[in-house]
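The values are calculated or read from the model by the stated rules, or taken from the named source; none is laboratory data. Model, not experiment: these values are computed from the prediction. Backbone-built Cβ (ideal geometry, glycine too); neighbour counts: all protein chains shown.
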Amino acid sequence: MCPGSVEPQAAAAGGKSVCVMDAAGPLGHALVDRLLRRGYTVHAATYGRGEEEEEEDEAAAASALLKHLSCGGDAYGHRLKVFRADPFDYHAIADAVRGCAGVFCMFNTPDDQAQCDEVTVETEVRAAHNVLEACAQTDTMERVVFTSSVTAVVWKPPPPPPPQPQGEVADERSWSDLAFCRKFKLWHALAKTLSEKTAWALAMDRGVDMVAINAGLPTGPGLTAAHPYLKGAPDMYDAGVLVTVDLDFLADAHVAAYESPTAYGRYLCFDNAVCRPEDAVKLAHMLSPAAPRSTPPSDELKVIPQRIQNKKLNKLMMEFESGVYGELD
């Protein structure tokens, strides 16, 4: 059964309130939709992007969010509460999470590499700090699901050339190298790595139950080659760690991470590894429909061994769909 289905909603929600922050992006929309369908009351908190948006009243903002629901917006409206927050405003964030049993914490980085810089890094780290601190001060809080990225896992100095070992396969224990990210101005990777490390430090210090979802490149409408995740994409391809994830699967994984009693630590979340020339061509066409559909000559792209794994997430999803925890190999 799909985690986003309506049937198990009463047992899943139990009258609880959860917060989605920042709810303004595609993943936020998908999560709000699933959580409302599962019976939760949803605090949809959005970070202001400008004076005009800040002046928009909550009713109009709620109406805009309801338009993104797959069905039943009118029926769910009474369980949707919209909040305005700011990464630097702890009190506004605390207002949004007050009374919630769970928080889905994400930060929507700019869609264009040119707009993702050191300021983005600072803002995202501050947001992570304030959200986790607010969660630690919320008596009703049961679990935080923190949205990170595979870019917080895969970037590090290259291994020695053959015949030396080619480096270990990336998994939940792997972290991107901060100095390497700074050196090559991999701002998306640096922001996700620093913000996730900040969140983990606070969660462990304050005793907050937190699970992190390290997502591959989310695919969906509006994705272009300018996305900051894709800076250095040829190097990720050569290293066998260029991965993507369908937005619906990513949203389902977040729900599973929140509701599964055995969920813990970090989960690498992707459903496609780009390791063959035809995979690269398909991704290139997705990013730019005008791109050639033919496979490049064999001397330009080669089949790359996949050097990243998500077995831990696959086990979580199997347990969540079956309702049997801790017994699946």
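Counting only residues that are within 15 Å of V32 (Cα to Cα) and in contact with a His (Cβ under 8 Å, 6 or more places away or on another chain), which one in the range 97-120 is surrounded by the most Cβ atoms within 10 Å (Cβ to Cβ)? The residue in question is F104.
Beta carbons closer than 8 Å, at least 6 apart along the sequence or on distinct chains, pair a first residue in the range 270-289 that is farther than 22 Å from L250 by Cα with a second that is surrounded by 20 or more Cβ atoms within 10 Å (Cβ to Cβ) for R276/I304. Looking for something touching a residue at least 60 places away in the same chain (Cβ under 8 Å), out of contact with any helix residue (DSSP H, G or I) (no Cβ under 8 Å at 6 or more places or on another chain) and crowded, with 20+ Cβ neighbours inside 10 Å - is there at least one such residue anywhere in the range 190-209? Looking through the range 190-209, none of the residues is touching a residue at least 60 places away in the same chain (Cβ under 8 Å), out of contact with any helix residue (DSSP H, G or I) (no Cβ under 8 Å at 6 or more places or on another chain) and crowded, with 20+ Cβ neighbours inside 10 Å.
Would you check if V245 is farther than 16 Å from S149 by Cα, modelled with pLDDT of 95 or more, within 16 Å of the chain's Cα centre (by Cα) and buried (at least 18 other Cβ atoms within 10 Å of the Cβ)? Considered against the rule, which asks whether it is farther than 16 Å from S149 by Cα, modelled with pLDDT of 95 or more, within 16 Å of the chain's Cα centre (by Cα) and buried (at least 18 other Cβ atoms within 10 Å of the Cβ), V245 comes out as no. When the range 1-20 is examined, which residues are found to be among the hydrophobic types (A, V, I, L, M, F, W, C) and modelled with pLDDT of 95 or more? Selection gives V18, C19, V20. Just so you know, in the range 79-135 the residues that are in a loop (DSSP other than H, G, I, E, B) and without any contact (Cβ under 8 Å) to a residue 60 or more places away in the chain include one that is farthest from Y40 (Cα to Cα), and it is F88.
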